[in-house]
Amino acid sequence: MTATLFDYFGQSVNLTAADAKDEPLPLRYKKARAVARPIGNGTYEPYVVQRIEIPGAHRHGTALVEAAALASVAPPMPTYRPVLEPSLITNGTLSLEQLETVTYVGQQHERRFTERVAVEVPDDETPGSLKTVTLEQSVRGGYIIADGTGVGKGRESAGIIRDNVNQGRPKHVWISISQLLREDAIRDWTDLGGRRIDVIPWDRTAITEPLHFERGVLFGTYALLRAKHTKNGTTHTRLEQLIDALGRDFDGVIIFDEAHAGANADPKTQDAEDSQRKASAQGQAMLALQHALPNARFVYVSATGASRLDALAYATRLQLWGPGTAFETRGDFLRSMHEGGTSAMEVVCRDLKAYGRLCARSLSYEGVTYERVIHELDAAQVQEWNDYAKIWRLINRNIFEELKRLGIDDASIKGAARTASEAIRNSPVGRIRSHLEATKLRFYGQVLLALKMPTLIERVECDLQKGRAIVIQLTHTNEAQLNRALDERDQDEPLDDLCTSHRDMLIDFVTAAFPVHRYRAVNDGEGLSYEVETDPVTREPVVDALALIRRSELIASIENLVFARGALEILYDTFGENRIAEISGRSKKLVWRTKADGTEERVLVPRGPKENLRETDAFLNGTKDILIFTEGAGGVGRSYHADILCKNQKPRTHILLEISWRAEGAVQGMGRTHRTGQVCPPHYILLSTNVPGERRFLSTPARRIAALGALSRGQRDSLDNGLFRAEDNLETPYAAAALRELITAIASKSIPDLSPGLFYEQTGIDANLLIERWESDNANRKRGRHSFRVSTFLARLLGCELDGDGGLQGRIMDAFVGRIEALVAKAIEEHRYDAGVNVFHAEHLQVTERSTIYRDTTTGTTAELLVLDAERRPPDLHTWNRVAAKKAYYEESTKRHDAIFMDHPDLGLALRIPVRSLSLSGEPLVRLITPAGEHHVFQRTMPTLSVIDEADAQRTWDDAVANLPLKKTRLFAIAGVLLPIWNRLPHSIQTVYRMQTDEGERLLARIIPEADLGDTLVAFNVVFSHAA
């Protein structure tokens, strides 16, 4: 049969199984040299198959793009020829781009390298014990398919298996994150001519039984892979069951679908941010499977491979470390990459493509639109926020005063300690403070969610009237609050007035954390410790009666506050269950229904195991026009786009109401509405409030999404979908430095209306104590021992009060952000700023000398030192679009309109933007942006200037840019792969440039600073005549 979907693609695809006459043959293709294309200024470029021409192959049905940085990297020449049925090519079942992937995967599987593996063996010197030794073994290379949602990763996986089946390897394994995705695997396999019964469910075989299968594709989940079972003293594992079934010489394909599930595979490679995270059982199972099967052909499949380098520990077959690389161990690799920051992550991705070990395409974003909507708090909501801030300060004060009254005073005990480093173990103080801050962050997250609801409802109603379908992305359903409210209600009490607000979160915290027991400090010989006093007779903990009274009083204060209902309940109350499809993990929902007599009553409706499938169908067939999904239940493997095969083809408005801390979850969620076969692309909305502290909830996702883009697309801004900006990430080295400046300024009382005492009262941060600790660390060379994270500071900022213009919270945030901007501006002026991948704009660019400093003998991939002669305008050139974007960002983020164009007597036409912080001397600063650069000056030095209308400014600005003089410059750069020579590169090289020479050659290069040129030439034993 011919599926109508592919009529939309402009091609007809036969989806029937290949018949007996369709004999598999080695793929016929012609090798091609990469064709130079003009460099664009955007984040993406159209994806082009650079090295291979396949007669009769069809282009992918939907246009694909690639991060601009990756587009400047060509893969190696292909040498492998997959064996496939000709109909799969001529009918377009596998597109040209997918065939390219199948080819390079096979090529990597033909490659072998030496891997070091740590194993435990009997210790001959100590009978009965084990020791760890390092062994070397030859293993097959692997490949990572990092294509975005909708590109067809499942079809590519099936194509890889089909190639191997046709070459006489009948047994293969497909591991994914959910049993529900088995149907997707069956669909992709049968589309390529396989049979449904070929896909064998692993869970049908008991863990205690041997696993038998002679041919086919064994489908299982990571949960199965890590499973263990002990019976009659014998422990059975699914991992051993699988290895026994495959045999140690197994050379078939193992697909790790949604491979990011293997993050945290190795506890020894956790980064500093996540040093407390334990290794995951499924990540370790993935590692063990790869170590046990050296001949297996592993493929890592994930649109979101990793947002941290250490999370790539599962991908051992990519050969990023070990023998034959610049990094002896995985630890060496991680340390070196960590020093390189986000730029190093981008290098990893680009080098993997250059070696032919990675592909990372996305559906074209043409037609996709983006919008940031800000909900302005009204006076009642500002008062509500301030009430919450006051109650949290009351909770904080009462708890720690009560701890002190009960004899728990860490400060005095530390003073009596024998040594300064003697620890106080089991102290409730740190435990309660950690619990308090974590609860406060969750609480304010729910408050912000509730505050946005008026704007959300208004926007949903507006877009529904325009004939659009709504998709709302959430992280939490807060089912725990609903369950508590149900547990506390009387059995015969109606549900109409049931409260599911975040009040319960506060009460639960106070109930659990408020100290009501008496403690005593003891020294047990190993250090100081606290223990709860017990009654000598009953052996029960001694409860302090006064503490119980104070806890009850505190809970009463909480109950007197007004709390908004939960977001889901508000949405159901507004639009009704007949319009809302919910895709979540909760087991029940609270909705209004009409009784027989016409009156409304609130009822509790159970949600069964197949509810999500029914709700998805209701949305796609048009029965419901609002879909709400949580990232955990509906963010992976689901499709909510305007599918040409579905009845509901209304344009999608995808609203991000709540964003996951996990970059993978956020990105996967956004991919649900932008997929292959859509009638129209979606419109994305990021909904936030004007509460300055909400940037805490944007900063971490923005940082992690940038890291994810760098590592999986080779470019940090490639996955933000136009919704996140570099300015959203407040957790950079510049932010850390700005925080130190801010704390120093507060301690020295140089910020008007912000005394150290007021700052401490509102945030709980003692500026003077923090500075003392930092100075102590520096004196004792223990830098970082008392580090104070920017994320912690932003979380504390949420507890500050607001008023119409942001209040104290806004003033602190302005002072902080202004200092970041000043530090970034200074770094830019000094050419130290790591801006990621930039376009090197030049009127003329020529390579006058080049020297190959590295060549891979297998792929021919190289690294080169280059001498470049350029004619260009000033490197800090500000086009009109660039300066207009900076003005718009300032106005959006500050809600001010005092950025104006003016005629400066020395600089000429300039955009004047007040800097939101003071200099360290306490004086206000002004930022002046001109076509040729950017300057920071004291406000008092600014002369009286004439204001220029924006329309006139644009005309004058464009003329000024066009008339800037060209300057001849000689540059030295390194282009090509960098990982093999990483340990010989100067650390000061950060920014990567996309360049194109006058001859059309595209380069992705790092410019060598003049100060490092001599050492770099010596390191690579290169002599340039132009460098003399």
Under a crude label model (7 Å from the Cα following the beta-carbon direction), how far is Tyr833 from Lys967 in nanometres? 1.6
With no solvent and one equal point scatterer placed on each C-alpha of region 473-558, evaluate the Debye formula and give log10 I(q)/I(0) for q = 0.12, 0.20, 0.25 Å⁻¹, two decimals. -0.61, -1.00, -1.19
According to a simple spin-label model (label point 7 Å from Cα along Cα-to-Cβ), what is the distance in nm between Glu775 and Cys462? 5.3
Aspartates and glutamates within cross-link reach of Lys624: Cα-Cα under 13 Å, excluding same-chain residues under 8 positions apart? Glu577, Glu582, Glu615
Would you kindly derive the ³J(HN,Hα) couplings of region 480-490 from the backbone phi angles with the Karplus curve 6.51 cos²θ - 1.76 cosθ + 1.60 (θ = phi - 60°), listing them in order in whole Hz, with x for Gly and Pro? 4, 5, 5, 4, 5, 4, 5, 5, 8, 7, 5
Enumerate the amide H contacts of Leu495 below 5 Å, restricted to partners 5 or more residues apart or on another chain; note that Pro and chain-start residues carry no placed amide H. Arg602
Can you order the peptides 436-447, 172-183, 483-494, 205-216 by their average number of other Cβ atoms within 10 Å per residue, highest first? 172-183, 436-447, 205-216, 483-494
Quick shape summary for region 950-1020, equivalent ellipsoid via Cα gyration tensor, semi-axes whole Å in descending order, reads 34, 14, 13
Farthest positive-ward along the chain dipole, Cα basis, beta-carbon charges - from Pro752, Thr90, Tyr572: Thr90
Using each residue's phi in region 189-196, evaluate 6.51 cos²θ - 1.76 cosθ + 1.60 at θ = phi - 60° and report the 3J(HN,Hα) Karplus result to the nearest Hz, with x for Gly and Pro. 6, 5, 4, 9, x, x, 9, 4
If amide H atoms are modeled at 1.01 Å from N in the peptide plane, then the residues at a separation of 5 or more from Leu64, or on another chain, having amide H under 5 Å from its own are Tyr47, Ser364
Label-point separation in nm, Ala888 to Asp949, each point 7 Å along Cα→Cβ: 2.2
Could you work out how much longer the chain between Lys647 and Arg196 gets when fully extended? Use 0.36 nm per residue separation minus the Cα distance between them, nm to one decimal. 159.7 nm
Which order do peptides 584-595, 500-511, 349-360, 395-406 fall in by mean Cβ count within 10 Å, highest first? 349-360, 500-511, 395-406, 584-595
The set of residues whose placed amide H lies less than 5 Å from the amide H of His375, leaving out same-chain residues fewer than 5 positions away, is Ser688, Thr689, Asn690
Gain upon complete extension [Thr879, Gln50; 0.36 nm per residue less C-alpha separation]: 295.2 nm
Rounded FRET efficiency, nearest 0.05, which uses the C-beta distance separating Asn621 from Cys499 and R0 of 22 Å: 0.05
Give me log10 I(q)/I(0) at q = 0.13, 0.16 Å⁻¹ for region 570-682, Debye formula, one equal scatterer per alpha-carbon, no solvent. -0.53, -0.78
Between Asp251 and Val35, take the C-beta separation as r, use R0 = 41 Å, and let me know the FRET efficiency to the nearest 0.05. 0.65
Dipole-positive endmost among Leu971, Gly106, Leu451 within the chain (Cβ charges, Cα centre): Gly106
Let's test the formula: R0 of 35 Å, r as the Cβ-Cβ distance of Thr792 and Asn560. What FRET efficiency results, to the nearest 0.05? 0.70
Gain upon complete extension [Arg602, Glu553; 0.36 nm per residue less C-alpha separation]: 14.4 nm
29 Å Cα-Cα threshold exceeded, pairs from Lys153/Lys466; Lys452/Lys887; Lys231/Lys588: Lys153/Lys466; Lys231/Lys588
Distances over 40 Å make up what percent of all Cα-Cα pairs in the chain? 51
Given the peptides 247-254, 290-297, 854-861, arrange them by the average over their residues of other C-beta atoms within 10 Å, most packed first. 290-297, 247-254, 854-861
What does the charge dipole of the chain about its Cα centre add up to, to the nearest 20 debye, if the Cβ of each Lys and Arg holds +1 and the Cβ of each Asp and Glu holds -1? 1760
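Since every read-out is calculated from the coordinates, none of them should be taken as a lab result. Remember, it's a predicted structure, so these values are computed and weren't measured experimentally. Glycine also receives a Cβ, built like all others from the backbone with ideal geometry; neighbour counts cover every protein chain displayed.
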